[in-house]
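These notes concern the structure reproduced below.
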Amino acid sequence: MEGSLDLLRLPPLPRAFYERPTEEVARELLGKILLRDHDGRPLAGRIVEVEAYLGAHDLACHSARGKTPRTAVMFGPGGRAYVYMIYGMYHCLNVVTEPEGSPCAVLIRALEPLVALPGSLCGPGRLCRTLAIDRSLTGHDLATPPLWLVDSPDLSPRGPIARSPRIGVDYAGEWAERPLRFFIDGNPWVSGARSLKKGPTRTL
């Protein structure tokens, strides 16, 4: 745990960080800190697992179905939150990437806790529940409270970065096999390791 850090004082990642190629952003999000100021209390975790979604040509990406009220934020500038619900009960947090008009995003799948928290951060639905993230935060600028991302040289990824196919996108044809899931190999907070049929392909 990194409880000695005054997490709320760490500067946010600049907006320019997000307006780059999505796979590049996804890899570099590993080790970054997601902060949630919940009634003055810092809820925080280090990102250890993400998935990249590459826009309209990626059949696993929501924007492949075109621009809708739900996905409109994906077509805007990078650095915004895109929160959606699955199974009618779980929220998922995505970071919009690339310049405006390129509807891409990175799903935050798992965090390693940095402070004492009331629930699990292992899995996209669990981390949203624990950090009180819901659809009211869709469109939120992730360079500002109450939800933002920060960097710290003392909190770099602890372990090699690996990649694999994304989880739960079997419907996406050949896109289901693309190795667009990035994670810190061996980290116990990674959510999907046991559900994979194929081993990860090492990268970086």
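Taking into account only those residues within the range 157-204 that are on the phi > 0 side of the Ramachandran plot and over 16 Å from the mean Cα position of the chain (by Cα), which is modelled with the highest pLDDT?
Applying the first criterion (on the phi > 0 side of the Ramachandran plot) to the range 157-204 yields 159, 168, 173, 186, 204.
When the remaining residues are screened for being over 16 Å from the mean Cα position of the chain (by Cα), the result is 159, 173, 186, 204.
Values: Gly159: 77, Gly173: 84, Gly186: 90, Leu204: 51.
Residue satisfying both the conditions and the ranking: Gly186.
On the basis of being crowded, with 17+ Cβ neighbours inside 10 Å, in contact (Cβ under 8 Å) with a residue 24 or more places away in the chain, in contact with a strand residue (DSSP E or B) (Cβ under 8 Å, 6 or more places away or on another chain) and assigned to a loop (DSSP other than H, G, I, E, B), does Ile167 make the cut?
Numbers: crowded, with 17+ Cβ neighbours inside 10 Å: yes; in contact (Cβ under 8 Å) with a residue 24 or more places away in the chain: yes; in contact with a strand residue (DSSP E or B) (Cβ under 8 Å, 6 or more places away or on another chain): yes; assigned to a loop (DSSP other than H, G, I, E, B): yes.
Here the answer is yes, as Ile167 does meet what is asked.
Among all residue pairs at least 6 apart or on different chains, which show Cβ distances below 7 Å where the first residue, located in the range 62-82, is within 19 Å of Pro14 (Cβ to Cβ) and touching a residue at least 60 places away in the same chain (Cβ under 8 Å) and the second is among the acidic types (Asp, Glu) and part of a strand (DSSP E or B)?
Filtered contacts from the range 62-82: Gly79/Asp141; Arg80/Asp141.
Would you pick out the residues in the range 93-105 that are in contact with a Gly (Cβ under 7 Å, 6 or more places away or on another chain) and either crowded, with 20+ Cβ neighbours inside 10 Å or hydroxyl-bearing (Ser, Thr, Tyr) (or both)?
Restricting attention to the range 93-105, the residues satisfying the condition of being in contact with a Gly (Cβ under 7 Å, 6 or more places away or on another chain) are 96-100, 102-104.
Correct list: Val96, Thr97, Glu98, Ser102, Pro103, Cys104.
Does Pro99 qualify as being assigned to a loop (DSSP other than H, G, I, E, B), modelled with pLDDT under 95, farther than 14 Å from Val48 by Cβ and not charged (D, E, K, R)?
On the way: assigned to a loop (DSSP other than H, G, I, E, B): yes; modelled with pLDDT under 95: no; farther than 14 Å from Val48 by Cβ: yes; not charged (D, E, K, R): yes.
When the stated conditions are applied, Pro99 does not pass them.
Pro145: touching an Asp or Glu at 6+ places or on another chain (Cβ under 7 Å), within 24 Å of Leu7 (Cα to Cα) and surrounded by fewer than 16 Cβ atoms within 10 Å (Cβ to Cβ), yes or no? Give the derivation first.
Values: touching an Asp or Glu at 6+ places or on another chain (Cβ under 7 Å): yes; within 24 Å of Leu7 (Cα to Cα): yes; surrounded by fewer than 16 Cβ atoms within 10 Å (Cβ to Cβ): yes.
Spelling it out, Pro145 is indeed touching an Asp or Glu at 6+ places or on another chain (Cβ under 7 Å), within 24 Å of Leu7 (Cα to Cα) and surrounded by fewer than 16 Cβ atoms within 10 Å (Cβ to Cβ).
I'm trying to understand the selection: among the residues of the range 1-41, which are part of a strand (DSSP E or B) and farther than 16 Å from Asp151 by Cβ?
Looking only at the range 1-41, we keep the residues that are part of a strand (DSSP E or B), and these are 12, 33-38, 41.
Listed by number, the residues that qualify are Arg36, Asp37, His38, Arg41.
Glu112: of a type in the set (Asp, Glu) and assigned to a loop (DSSP other than H, G, I, E, B), yes or no? Outline the logic, then answer.
On the way: of a type in the set (Asp, Glu): yes; assigned to a loop (DSSP other than H, G, I, E, B): no.
No: the conditions fail for Glu112.
Name the residues in the range 30-53 that are more than 20 Å from Asp6 (Cα to Cα) and surrounded by fewer than 24 Cβ atoms within 10 Å (Cβ to Cβ), would you?
Within the range 30-53, Leu30 is the sole residue that qualifies.
The values are calculated or read from the model by the stated rules, or taken from the named source; none is laboratory data. From a predicted model like this one, the values you see are computed outputs, not experimental measurements. Positions of Cβ are backbone-derived with ideal geometry, glycine not excepted, and every protein chain shown enters the neighbour counts.
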